[in-house]
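The values are calculated or read from the model by the stated rules, or taken from the named source; none is laboratory data. Please read these numbers as outputs of a predicted model, since none were measured by experiment. Here the Cβ positions follow ideal geometry from the backbone for every residue, glycine too, while neighbour counts run over all protein chains shown.
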Amino acid sequence: VTTSIDVSLWQVAAALALVALAAAISFWRAADLERDIVVATVRSFVQLTLVGYAIKLIFEADTIWLVLALLTVMVFFGALTARHRGREGAGLLRAAADRPSRWPAPAPSASSSRWGSSNRPRATWSRSAAW
Amino acid sequence: MVIGNAMTASAVALNRLGDEMHDARARIEATLALGATAREAAAPTVRRALRSGMITLVDSTKTTGLIFFPGTMVGMLLAGASPTDAVRLQLILLYTLLGSVAIAGLLATNACLSQLLHARAAASRARRKPPRRLDA
């Protein structure tokens, strides 16, 4: 005996009121997340709808190749997302390496090969102070 | 799930709020000295705390379905429900989580902020008060 849960689109739309509330709070407190919240809402809707049907197909087909393909796609997107986050701090270490320090300078060959030549304009702190 | 996520988000936000208030103490006091109210002086700190509390869930919501399959949906599919219903229920859950995390973060930072400000005011009052003489 299976009990089916019927969820209408209206109920999903009602839940969107909570998303609007979250966006309003973010706007009110200037948390600067409104855009992210909207993007997250739309993306989760599209992705879950697509993936729901894909998973259904994969469960019904029950072949190892489809499962492996799904895993590959998931790992790929996971790596992509992680890479995106890693880029945010790009250049910080390099800027630190370029700054004249009170420590004895490393051998020029090591520094030039590893961190690029010294004729590159010296990086400044890209993040300005908040206030 | 709603309560658990709200707990995590407010814990992260409060942790960040405490750290930032500690670090930005001089800046906050300078802003106060320039005539800002306590809430105004702490506003940037509260903003960052609230943001860090919410951003984890927002980010994971963005990647839902690509990397992370939410358990409710998978469970319903495994149990034989139609993908439409499973997806819709999961969406309702995700949106509820977003709202609850925002509310929890807001309430927690608000409550903790007034606590911090009052504690600070009490501490400075205590500092200014001359030591009590026992013989007087």
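Scan the range A:58-68 for residues that are modelled with pLDDT under 90 and either within 9 Å of chain B (Cβ to nearest Cβ) or more than 23 Å from B:Ser82 (Cβ to Cβ) (or both) and jot them down.
Within the range A:58-68, just A:Phe59 meets the criteria.
Of a type in the set (S, T, N, Q), surrounded by 14 or more Cβ atoms within 10 Å (Cβ to Cβ), assigned to a helix (DSSP H, G or I) and touching a helix residue (DSSP H, G or I) at 6+ places or on another chain (Cβ under 6 Å): which single residue out of B:Asn110, B:Asn5 fits that description?
B:Asn5
Assuming B:Ile55 fulfils every condition listed in (1) at pLDDT below 90; (2) within 17 Å of A:Ala31 (Cα to Cα); (3) hydrophobic (A, V, I, L, M, F, W, C) apart from one, which condition is it?
(1)
Identify the residue in the range B:38-71 that is surrounded by fewer than 20 Cβ atoms within 10 Å (Cβ to Cβ) and in contact (Cβ under 8 Å) with a residue 40 or more places away in the chain and, among all such residues, is nearest to the other protein chains (Cβ to nearest Cβ).
B:Ser52
Filter the range A:54-73 for residues that are of a type in the set (Ser, Thr, Tyr) and either within 24 Å of the chain's Cα centre (by Cα) or surrounded by 15 or more Cβ atoms within 10 Å (Cβ to Cβ) (or both) and give the result.
A:Thr72
Would you check which residues across the range B:30-78 are in contact with a Pro (Cβ under 8 Å, 6 or more places away or on another chain) and either charged (D, E, K, R) or more than 18 Å from A:Ala82 (Cβ to Cβ) (or both) and list them?
If the condition is that a residue be in contact with a Pro (Cβ under 8 Å, 6 or more places away or on another chain) and either charged (D, E, K, R) or more than 18 Å from A:Ala82 (Cβ to Cβ) (or both), then B:Leu77 is the only one that fits.
So which residues in the range A:10-40 are more than 7 Å from chain B (Cβ to nearest Cβ) and within 21 Å of B:Met73 (Cβ to Cβ), if there are any at all?
A:Trp10, A:Ala13, A:Ala14, listed by residue number.
Would you confirm, using the coordinates I've provided, whether B:Ala104 is closer than 17 Å to B:Ala11 by Cα and either of a type outside the set (Val, Ile, Thr) or at the interface with chain A (Cβ under 7 Å from one of its Cβ atoms) (or both)?
In short, yes.
Residues are listed down the side, and each one gets a yes or a no for (1) closer than 28 Å to B:Ala6 by Cα; (2) assigned to a helix (DSSP H, G or I); (3) touching a helix residue (DSSP H, G or I) at 6+ places or on another chain (Cβ under 8 Å); (4) at pLDDT 70 or above:
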site: A:Thr2; (1), (2), (3), (4): no, no, no, no
site: A:Leu18; (1), (2), (3), (4): yes, yes, yes, yes
site: A:Leu21; (1), (2), (3), (4): yes, yes, yes, yes
site: A:Ser26; (1), (2), (3), (4): yes, yes, yes, yes
site: A:Ser44; (1), (2), (3), (4): yes, yes, yes, yes
site: A:Gln47; (1), (2), (3), (4): yes, yes, no, yes
site: A:Tyr53; (1), (2), (3), (4): no, yes, yes, yes
site: A:Met74; (1), (2), (3), (4): yes, yes, no, yes
site: A:Phe77; (1), (2), (3), (4): yes, yes, no, yes
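Scan the range A:28-42 for residues that are basic (Lys, Arg) and either outside any helix (DSSP H, G or I) or crowded, with 16+ Cβ neighbours inside 10 Å (or both) and jot them down.
A:Arg29 - this is the single residue of the range A:28-42 that is basic (Lys, Arg) and either outside any helix (DSSP H, G or I) or crowded, with 16+ Cβ neighbours inside 10 Å (or both).
Which ones in the range B:79-99 are at pLDDT 90 or above and more than 7 Å from chain A (Cβ to nearest Cβ)?
Matches in the range B:79-99: B:Leu93, B:Leu97.
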